[in-house]
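Enquirer: Encoded as structure tokens, here's the structure I'll be asking about.
The values are calculated or read from the model by the stated rules, or taken from the named source; none is laboratory data. Quantities reported herein were computed from a predicted structural model and do not represent experimental measurements. In this analysis, Cβ positions are derived from the backbone assuming ideal geometry, glycine residues included, and neighbour counts consider all displayed protein chains. Surface accessibility is based on the protein's heavy atoms, side chains included, excluding ligands, DNA and RNA. Shrake-Rupley method; radii C 1.70, N 1.55, O 1.52, S 1.80 Å.
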Amino acid sequence: MADGGVPAARASERKAPPGAPSPGRLRARATALSPLPPPGRLRTLALATLANAVGSGLWAAGSALYLTRGVGLSPTSVGLGLTVTGLVGLTASVPLGGLADRRDPRTLRAVLQVAQAVVAATYLLVDSLPVFLLVATLDALLISGNLAVRAALVAAVGGPQGRVHAFATLRSVANLGIALGAGLAAFALTADSVWAYRLLVAGNVATYLVSAALVLRLPAYPPIGPTRGRPHGSARALRDGPFLAVAAASAVLSLHWVALTLVLPLWVVARTDAPRATVSAVLLVNSLLTVLLAVRLSRGARHALPAAATMRRAGLVLAVGMVLWATTAVVPTGAAVGLLLGGTVVYTLGDLWHASAGAALAYDLAAPDVVGAYQGVDGLLAGLARAAGPALLTWLVLDGGQVGWWALAGLLALTGLAVPPLTRRAVGSRAADQPVGPSRRADGQPISSST
């Protein structure tokens with residue numbers, strides 16, 4: 001206590017200089033800047049996502065060195081193995097997404113994460129290429145399927161009005177977690193010993209288990225399941241031509257992620273005068289802006305038609321980012337660094353608009369009684385684009401130079417422009433074939449600080 005019984009906190013507020021913000025206002029500002037939502041179901045899911053993302057950052061930063069230096073596999077076999085197993089893993093997206101329509105997605109997500117922890121732990125037993133391929137295949141199947149289940153769980157937690165906000169929140173939190181995990185992995189990379197790399201594997205296992213435990217703190221979401229008299233959810237999603245057209249367009253736009261994470265670093269080293277450290281700065285800028293802006297930039301994309309307009313804007317903005325990166329090959333060092341960072345700011349705006357609009361379209365154009373199956377199909381198409389992206393874009397840009405960047409910019413712009421008419425067609429077909437029965441979740445409700 002201070003000043004005759006006045007609490008110290010209140011006394012410090014009273015003694016603050018004129019015009020200085022009060023502690024209460026400072027706390028409010030800190031809350032606004034935090035990527036974590038207010039206490040409630042979304043906060044619980046965000047913490048589970050944060051734990052999972054820390055493990056992803058640990059593994060992403062250290063897996064290649066563990067498998068090559070710790071296990072003794074060749075870099076070529078690791079790269080080829082991950083490509084092949086990643087493609088095989090995509091086959092789990094649709095069936096597990098459909099399963100989330102017939103089972104509680106919370107419990108299913110937790111079970112899959114425990115299974116992922118077990119598979120992650122078996123990386124400690126890898127001692128040859130065949131064993132690595134077996135473990136990596138199981139890992140890829142679980143990762144791909146679990147993403148579809150997570151999308152169904154996000155829809156359940158967020159409800160029809162809050163699921164895009166929830167998706168954007170979780171993306172912001174995931175970026176923070178991956179950055180934290182990658183930072184922690186630096187200790188193992190510095191030590192560069194087998195035991196240090198094994199600790200990374202153990203850390204990844206632990207984060208899966210922590211995330212599963214947090215997910216189980218959510219209430220159960222009993223599914224309503226597919227409406228009687230209609231085909232199985234996965235079959236409906238795969239036969240829904242208008243939805244597939246919109247999802248395919250979104251998948252094409254997702255090639256921008258390959259441009260950022262693979263093509264641009266190689267371009268900086270081979271074609272520009274910018275220092276190599278600029279690559280790290282580019283990725284850091286992208287991560288920080290994603291944490292800060294993901295939720296804010298998702299506010300305009302809640303339903304299909306506004307989301308389509310946002311997707312069009314995303315395609316055009318991403319195209320501008322590609323053009324800015326293309327010019328870095330013909331300017332001096334300082335200008336190249338400035339264009340790389342400025343182009344990354346522009347790119348990140350387009351990236352965030354694409355992510356929020358893609359989520360809104362995948363949710364809003366899905367049949368409401370089989371949301372999980374539709375998310376599985378959407379994830380499958382995006383995964384196929386990401387699998388094809390490295391070979392396509394390295395040939396297009398690294399071999400084609402500036403012309404390749406311009407061609408990629410044109411593809412992104414034209415794809416973005418195509419999304420609104422494709423969406424109007426999908427909305428029209430959905431209105432003509434409204435499902436009979438209740439909505440996807442009996443508990444679906446907008447997110448608020450009290451839920």
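Enquirer: How high is the relative contact order of segment 310-363, given as a whole-number percent (alpha carbon pairs under 8 Å, six or more residues apart)?
Expert: 51 percent
Enquirer: Under a Cβ-Cβ cut-off of 14 Å, what is the net charge of the residues other than Gly300 that fall near it, where Lys and Arg count +1 and Asp and Glu count -1? Mind dumping the intermediate values first?
Expert: Values: positive: Arg296, Arg299, Arg302, Arg312, Arg313; negative: Asp364.
Once positives and negatives cancel, what remains is +4.
Enquirer: Now for a separate question. So for each of 282-289, 128-135 I average, over its residues, the number of other beta carbons within 10 Å; can you give me the resulting order with the highest mean first?
Expert: On the way: 282-289: 17.5, 128-135: 15.5.
Highest-to-lowest ranking by the protection proxy: 282-289, 128-135.
Enquirer: Using the Kirkwood radius built from alpha carbon pairs, what does the Stokes-Einstein equation give as D for segment 78-165 at 4 °C and 1.567 mPa s, in µm² per second?
Expert: Values: Rh = 13.8 Å.
Calculated translational D: 94 µm²/s.
Enquirer: Is any helix in the chain, taking whole DSSP H runs, at least 30 angstrom long along its axis by alpha carbon and on average at least -0.5 on the Kyte-Doolittle scale, and which ones? Before the final figure, lay out the partial values.
Expert: Numbers: long enough: 41-65 (37 Å, 0.88); 129-191 (46 Å, 1.34); 194-215 (32 Å, 1.45); 304-326 (33 Å, 1.36); 333-364 (46 Å, 0.91); 371-393 (32 Å, 0.95); 402-431 (44 Å, 0.68).
Qualifying helices, which must be both long enough and hydrophobic enough, are 41-65, 129-191, 194-215, 304-326, 333-364, 371-393, 402-431.
Enquirer: List the relative contact order of segment 62-160 as a percent without decimals, with contacts defined as Cα pairs under 8 Å and 6+ residues apart. Could you put the intermediate results ahead of the total?
Expert: Working: 93 pairs, mean separation 42.1, N = 99.
The normalised contact order for segment 62-160 reaches 42 percent.
Enquirer: Also, I was wondering about something else. For the chain, what is the charge dipole size about the Cα centre, in debye to the nearest 20, if Lys and Arg each add +1 at the Cβ and Asp and Glu each add -1 at the Cβ?
Expert: Details: 35 positive and 16 negative charges, 264 e Å.
So the dipole magnitude of the chain works out to roughly 1260 debye.
Enquirer: To continue, here is another question. If you count only protein heavy atoms with a 1.4 Å probe, what accessible area per residue comes out for the chain, rounded to a whole Å²? Spell out each step's value before the answer.
Expert: Numbers: 19410 Å² over 451 residues.
That works out to 43 Å² per residue.
Enquirer: Moving to a separate point now. Under a plain spin-label model, where a point goes 7 Å from the Cα along Cα-to-Cβ, how far apart in nm are Leu284 and Asp399?
Expert: Going from the Leu284 label point to the Asp399 one covers 3.5 nm.
Enquirer: Please work out the ratio of the alpha-carbon Rg of the chain to 2.2 N^0.38 Å and round it to two decimals. Kindly include the intermediate steps, with their values, before the conclusion.
Expert: Numbers: Rg = 23.1 Å, N = 451, 2.2 N^0.38 = 22.4 Å.
The reported ratio for this selection is 1.03.
Enquirer: Let me ask something else. Could you work out the equivalent-ellipsoid semi-axes for segment 248-322, taking the square root of 5 times each eigenvalue of the Cα gyration tensor, largest first, in whole Å? Don't skip to the answer; put the middle values down first.
Expert: Numbers: eigenvalues 151, 46, 16 Å².
Equivalent ellipsoid of segment 248-322: 27, 15, 9 Å, largest first.
Enquirer: Just the number, please: carbon plus sulfur as a percent of the accessible area of segment 278-343, 1.4 Å probe, no ligands or DNA/RNA counted.
Expert: 73 percent
Enquirer: Counting alpha carbon pairs within less than 8 Å and at least 6 residues apart, what relative contact order, in whole percent, applies to the chain?
Expert: Working: 760 pairs, mean separation 115.8, N = 451.
About 26 percent, as a whole number.
Enquirer: Report, in whole Å, the centroid distance computed from the Cα atoms of segment 311-363 and segment 30-108.
Expert: Between the Cα centres of segment 311-363 and segment 30-108 lies a distance of 25 Å.
Enquirer: Could you please tell me the mean projected area of the C-alpha convex hull for segment 243-290, averaged over all directions and given in square nanometres to one decimal? Mind dumping the intermediate values first?
Expert: On the way: hull surface 16.3 nm².
For segment 243-290, averaging the hull's shadow over all directions gives 4.1 nm².
Enquirer: How long is the gain from Arg296 to Leu129 if the chain were fully straight, where each residue apart is worth 0.36 nm and the alpha carbon distance is subtracted?
Expert: Working: separation 167, 0.36 × 167 = 60.12 nm, distance 4.51 nm.
Full extension from Arg296 to Leu129 adds 55.6 nm.
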